[in-house]
Amino acid sequence: MRRLHNLKPGTKAIVLDIVGNSTLAKKLLGMGLTKGVELKVVRNAPLKDPMEIEVRGYSLSLRKAEAENVIVEVREK
């Protein structure tokens, strides 16, 4: 188990859990980051903030502080 903000571009992962306050959790769930969904890290900004991921067929940008709250399991490339 790892946190989303630590993943490198090209890495695929499955969402295991979302931690943190309920407001942030609801926001991330509303963006499609639900348990069991597969995502791929597309790229990171120079300081990893924000990062772009591909989830459910669309691109999503997340701040590092948001991505820290997403627990994932890395998939093989």
### Relative contact order %, the stretch 1-49, counting alpha carbon pairs below 8 Å whose residues are six or more apart
52 percent
## Note on the structure
When Thr34, Thr11, Thr23 are arranged by how many other beta-carbons sit within 10 Å of their Cβ, fewest first, they go Thr23, Thr34, Thr11
### Query
Roughly how many whole Å is it from the C-alpha centroid of the stretch 6-56 to that of the stretch 61-77?
4 Å
### Query
aspartates and glutamates near Lys27 by alpha-carbon distance under 20 Å, same-chain residues fewer than 8 away left out - which ones?
Asp17, Glu38, Asp49, Glu52, Glu54, Glu66, Glu68
### Rounded D (µm²/s) - the chain, Kirkwood Rh over Cα pairs, Stokes-Einstein at 25 °C, 0.890 mPa s
204 µm²/s
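Quick note: the coordinates plus some simple rules give every number you see, no bench work behind them. Because the structure is predicted, anything quoted here is derived from the model rather than measured. All Cβ positions, glycine included, derive from the backbone under ideal geometry; neighbour counts span all protein chains shown.
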